[in-house]
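Asks: Handing you a structure now.
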Amino acid sequence: MLAVVMAVYRRELQGFHRRPLGWLILLVAALPPLVAGAWLVALSARGGLATRASGQPVTQFLGPNLFLVSTLLVLVPLLTMNLIAEERRRGAWELYATSAAGLEGVVLGKFLAAWTLLLLCLVPWPLVLGLLRVWNGEFQPAASGWPLFGLPLPTGPGLAFDPGLLLGGLVGLCVVGGTLTALGTCCSAWCRHPLLAGLITATLLGLLVAFSLLPTVLENWRIPLEQFAWMRPWAVWSHLSEFSQGTVPLGRCGQHLAVSLALLWLSRVACQDQSAGAA
Amino acid sequence: MSPSSSPGSIVAGGGAPPLAQPVRPATQLRGLAGTTPRSAPRFPRLARGWRFIPSPVRTLLWWLPCLGAIWLACGSVTTTLDLTRHKTQTIEPALLAACRQLPGPVQITILAPTEPRSVGEHAFAAAVGPLQDVIARCQSTGAKVTLRSADWKTDLALRELLDRHPEVPVPGVLLQLDMNGEPRLQSLGLADLAQLGRTGEGQTVLQSYAQSALHLALTRLVSQRTTQRVGWVLGSGNGHLGGLNPQIEEHSDRQGGGVLAARLQSAGYTIEPLDLRQPAGDRPRPAVWLIPGGGQAWTPAEIEQLAQHLRSGGRGLILVERRLRDQTPGQGDSWQSVWSELGLRVGADRVVALDHLNAVVPVVTTQPPSPGSTPAASLSSASRSTLPATLRASPADNRAMPGTGGRGAMGSVNVFEAVSVRSLLTLEDHGVVATPLLCSDPAPRSWAESDLAGPPQFDPATDLPGPVCVAMAVERAAAGRHDPMAIVVGDAEFLSNSGLTSPAGPAGFAWTVACLDWLTADNPANSPIPPQLFSPIARPSSARGPRRVLWTFGLVWGAACLSFAAARSRS
């Protein structure tokens, strides 16, 4: 099964990079982190420290900020809507359905490919933060040394912050991105048209955003926190905040893994059901 | 859905399997379990009903509960990896143990206004943030701790509670535990730490203090410990000159100390009257003595007993009252031997400030306490220039703080009932270290005037220019270890009945409790939780450099994407 998973995975990645649209997505995906970086620089230069750790601008950069959430809201449906629904629309799904590998391998390979592409599009986020940490933006011509003589070299580190925030945010992007990709894969499996799958995925992600914001709203209304503690495991976007503070809650990772597995299993069931219906 | 929708039927394609299609292994035929010949089921009806359910649904019925169980099991895992360099997101074991040993749910209420208006309320909001972070971390470990915020100005039930417990400072943090039907209360005052949150180092102290304070409060809440004994020293001075007599509770009596005694008992201290006129063998032996009014007419024998107590390792909070000393000139000289042993010099003067709003305020440390450093640093400040603006709010607030029981503004000049307390630096080598706790503003805005009768006017020949210290913490230093010895405050008015019942009385009381906590070695800075270093986020000097980083990254990323796309399209 692993060989089939890898074959499907490789085919999906090659298909993405073969199309100009893929490169265009990668190019455009760098814009939100650049805008968010400008916002981070402006907040940091203005001074003032937030009272809560989750309110620090650096913590929010890889947390549930407006730019990152919007990026995921667009990218996840865009990358997952074609995974299965498009194959089915073109009639290519029968090849997968009648393959020896079984539907599990196909669904898993497609999910892994979409997850990889999502992370590839999110690479500029940690890159921007890392660059802002290691480089202050100033050049200085190299004074000595033959090969580098006269070349402008970076002069020193920039925004000093704990590297744990960057690592934790990175892990959070991977974990939450995986769950969202599984959700998109499931939608693509259950829908017959890619556009419908994308719309449903975007709607579900939007509902998740609203659900994640609900505890904050209720807290502002002075409703006791313990009354909506049950919502926390399902407030997916708030989980980014936990990771971006430099921690990796193992229980939360396990919950995401369980939900992703459930969604992938639902995708497999949908593929099996629809293939049987077509047959 | 028909039974033909099972995986086996998909492979079959409604007829014979295609030639190119290899035969699936038996492990992939789970969906055909209903058609596989097997022994007679134990419950035939149930088996027939189970077989009637479509295969995908059957699969879901197996898998979803399994995944749900995994999900629930993962939810109970509270292990968290801390990736930060100094493990600032890790709860210290002492606090974790205290959280896990809670006998019941503890409700933590942050008493803060919905919309902070005064400087003090804004500063409190800044100081309580790290505490909220710590509580959230405790909650993530499964601790039975709930957190809520409440405005005591609008919450009627809370106002009634605060009326019953006037020792609870507002704004502040209230911890409540219902222990077998017996409600227990503890409070935390964070207002004096508000200044700390403004710097990176201050964040370190706040993070550390938040954990230590929460640990201490939870420990007190559970054990309801009232074993901290404080001896209230009585002597011949109290008999005819008054002083802070704990027997006088009427608020109209300025010199009564009954309110202070009652509040200290509510805060968990056992107040034991300690009459120095009695033989030493008949008196209780608390480790900490509260000496209300060092300027009173104590007899030399009594003063010698106080000195002996300090010499033998005892601790004391000594309040010097200028007004009483003025009534009995010459009596204060008897204290010189005590002050000399403490390495202090208590002036026969009065503190004068030009701006009564910025007169005498507590100073808090901006440096994190570290192992081996002076514990008094948690009460004091290395920098006198960073006075917390929170406690300069109003004249009423000033009255509540030690040394600020002002007689009222005389134009722009204000005279305080405090005397200066100076450190004799030459005694540092003799094992005594003095740390300033309360200081006035720098000269020329304040000074200590030796002319007690005339109008206040600075005379450089005889007066002491500001900043004038009015409270000192004294520690014994031996073999690299510092132990609390005494705190000398050049004022006692702020702890009198009238001072404590003033609108900002809780501020002065909270400061006094902090001092007593330190003296009884029950201070958060002395808790087993060491300070965790907080990596401050250094701000860029200007936004130009970081913007250049962003532009460079954008150009490189765009060029890379375009070049790869062009290369792909050519190939």
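Asks: Please find, among A:13, A:31, the residue that is modelled with pLDDT of 85 or more and either open to solvent by 60 Å² or more (accessible area, probe 1.4 Å) or of a type in the set (Ser, Thr, Tyr) (or both). Lay out the reasoning, then the answer.
Replies: Values: A:13 fails: either open to solvent by 60 Å² or more (accessible area, probe 1.4 Å) or of a type in the set (Ser, Thr, Tyr) (or both).
From the options A:13, A:31, the qualifying one is A:31.
Asks: Another question, then. For the stretch A:259-276, check the following and say yes or no: at least one residue is open to solvent by less than 20 Å² (accessible area, probe 1.4 Å), closer than 30 Å to residue A:130 by Cβ and either within 14 Å of another protein chain (Cβ to nearest Cβ) or of a type in the set (D, E, K, R) (or both).
Replies: The answer is yes; a qualifying residue exists.
Asks: Please count how many residues of the stretch B:528-558 are open to solvent by 50 Å² or more (accessible area, probe 1.4 Å) and modelled with pLDDT under 55.
Replies: Start the filter on the stretch B:528-558 by keeping residues that are open to solvent by 50 Å² or more (accessible area, probe 1.4 Å), which leaves B:528, B:530, B:533, B:536, B:539, B:541-542, B:544, B:547-548, B:551, B:555-556.
Adding the requirement that they be modelled with pLDDT under 55 leaves B:528, B:530, B:533, B:536.
The qualifying residues number 4.
Asks: For the stretch A:54-93: of the residues being out of contact with any Gly (no Cβ under 8 Å at 6 or more places or on another chain) and of a type in the set (Phe, Trp, Tyr), which is least open to solvent (accessible area, probe 1.4 Å)?
Replies: Checking each candidate, the answer is A:93.
Asks: Residue check: is residue B:164 more than 9 Å from chain A (Cβ to nearest Cβ), surrounded by fewer than 15 Cβ atoms within 10 Å (Cβ to Cβ) and modelled with pLDDT of 80 or more? Steps first, please.
Replies: Numbers: more than 9 Å from chain A (Cβ to nearest Cβ): yes; surrounded by fewer than 15 Cβ atoms within 10 Å (Cβ to Cβ): yes; modelled with pLDDT of 80 or more: yes.
Answer is yes for this residue.
Asks: Only residues that are open to solvent by less than 80 Å² (accessible area, probe 1.4 Å) and at the interface with another protein chain (Cβ under 7 Å from one of its Cβ atoms): list them for the stretch B:56-69, please.
Replies: The answer is B:56, B:59, B:60, B:64, B:67.
Asks: Let me ask something else. Can you pull out every residue in the stretch A:233-248 that is open to solvent by 20 Å² or more (accessible area, probe 1.4 Å), within 16 Å of residue B:133 (Cβ to Cβ) and facing chain B (nearest Cβ under 10 Å)?
Replies: A:242, A:245
The rows are residues; the columns are (1) within 10 Å of chain A (Cβ to nearest Cβ); (2) part of a strand (DSSP E or B); (3) buried (at least 18 other Cβ atoms within 10 Å of the Cβ).
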{"site": "B:72", "(1), (2), (3)": "yes, no, no"}
{"site": "B:78", "(1), (2), (3)": "yes, no, no"}
{"site": "B:126", "(1), (2), (3)": "yes, no, yes"}
{"site": "B:143", "(1), (2), (3)": "no, no, yes"}
{"site": "B:147", "(1), (2), (3)": "yes, yes, yes"}
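Asks: Answer yes or no as to whether residue B:483 is under 25 Å from residue B:188 (Cα atoms), modelled with pLDDT under 80 and surrounded by fewer than 20 Cβ atoms within 10 Å (Cβ to Cβ).
Replies: Working: under 25 Å from residue B:188 (Cα atoms): yes; modelled with pLDDT under 80: yes; surrounded by fewer than 20 Cβ atoms within 10 Å (Cβ to Cβ): yes.
Judged against the criteria, residue B:483 is a match.
Asks: If you take the residues of the stretch B:459-480 that are part of a loop (DSSP other than H, G, I, E, B) and either crowded, with 18+ Cβ neighbours inside 10 Å or touching a helix residue (DSSP H, G or I) at 6+ places or on another chain (Cβ under 7 Å) (or both), which of them is modelled with the lowest pLDDT? Walk me through it before giving the result.
Replies: If we filter the stretch B:459-480 for residues that are part of a loop (DSSP other than H, G, I, E, B), which is where we start, we get B:459-463, B:466-468, B:479-480.
Then drop every residue that is not either crowded, with 18+ Cβ neighbours inside 10 Å or touching a helix residue (DSSP H, G or I) at 6+ places or on another chain (Cβ under 7 Å) (or both), which leaves B:463, B:466-468.
Values: B:463: 84, B:466: 74, B:467: 77, B:468: 79.
My answer is B:466.
Asks: Mind counting the residues in the stretch B:105-124 that are open to solvent by 10 Å² or more (accessible area, probe 1.4 Å), in contact with a strand residue (DSSP E or B) (Cβ under 8 Å, 6 or more places away or on another chain) and either at the interface with another protein chain (Cβ under 10 Å from one of its Cβ atoms) or closer than 22 Å to residue B:179 by Cβ (or both)?
Replies: Here is the first cut: in the stretch B:105-124, the ones open to solvent by 10 Å² or more (accessible area, probe 1.4 Å) are B:105, B:107, B:112-122.
Filter once more, keeping what is in contact with a strand residue (DSSP E or B) (Cβ under 8 Å, 6 or more places away or on another chain): B:105, B:107, B:112.
Subsequent filtering for residues that are either at the interface with another protein chain (Cβ under 10 Å from one of its Cβ atoms) or closer than 22 Å to residue B:179 by Cβ (or both) retains B:105, B:107.
Residues in the stretch B:105-124 being open to solvent by 10 Å² or more (accessible area, probe 1.4 Å), in contact with a strand residue (DSSP E or B) (Cβ under 8 Å, 6 or more places away or on another chain) and either at the interface with another protein chain (Cβ under 10 Å from one of its Cβ atoms) or closer than 22 Å to residue B:179 by Cβ (or both): 2 in total.
Asks: Among the residues of the stretch A:40-53, how many are open to solvent by less than 70 Å² (accessible area, probe 1.4 Å) and in a helix (DSSP H, G or I)? Lay out the reasoning, then the answer.
Replies: Let us first name the residues in the stretch A:40-53 that are open to solvent by less than 70 Å² (accessible area, probe 1.4 Å), namely A:40-45, A:47-53.
After this cut, where a residue has to be in a helix (DSSP H, G or I) as well, the list is A:40-45, A:53.
So the answer is 7.
Asks: Condition first: modelled with pLDDT under 75 and in a helix (DSSP H, G or I). Now tell me which residues in the stretch B:514-527 satisfy that. I'd like the intermediate steps shown before the answer.
Replies: Taking the stretch B:514-527 as the starting set, the residues that turn out to be modelled with pLDDT under 75 are B:514, B:517-518, B:520-527.
Passing the criteria: B:514, B:517, B:518, B:524, B:525, B:526.
Asks: All but one of (1) modelled with pLDDT of 85 or more; (2) closer than 14 Å to residue A:117 by Cα; (3) surrounded by fewer than 18 Cβ atoms within 10 Å (Cβ to Cβ); (4) at the interface with another protein chain (Cβ under 10 Å from one of its Cβ atoms) hold for residue A:26; state the number of the condition that does not hold.
Replies: Residue A:26 satisfies every listed condition except (3).
Asks: Turning to a different aspect of this structure: Any idea which of (1) without any contact (Cβ under 8 Å) to a residue 24 or more places away in the chain; (2) buried (at least 21 other Cβ atoms within 10 Å of the Cβ) is the one residue A:217 doesn't satisfy?
Replies: (2)
The values are calculated or read from the model by the stated rules, or taken from the named source; none is laboratory data. If you're wondering where the values come from, they're calculated on a predicted model, not measured in any experiment. Cβ coordinates were reconstructed from backbone atoms using ideal geometry, including for glycine residues, and neighbour counts include every protein chain displayed. Protein only, heavy atoms only, side chains kept; ligands, DNA and RNA dropped before computing areas. Shrake-Rupley method; radii C 1.70, N 1.55, O 1.52, S 1.80 Å.
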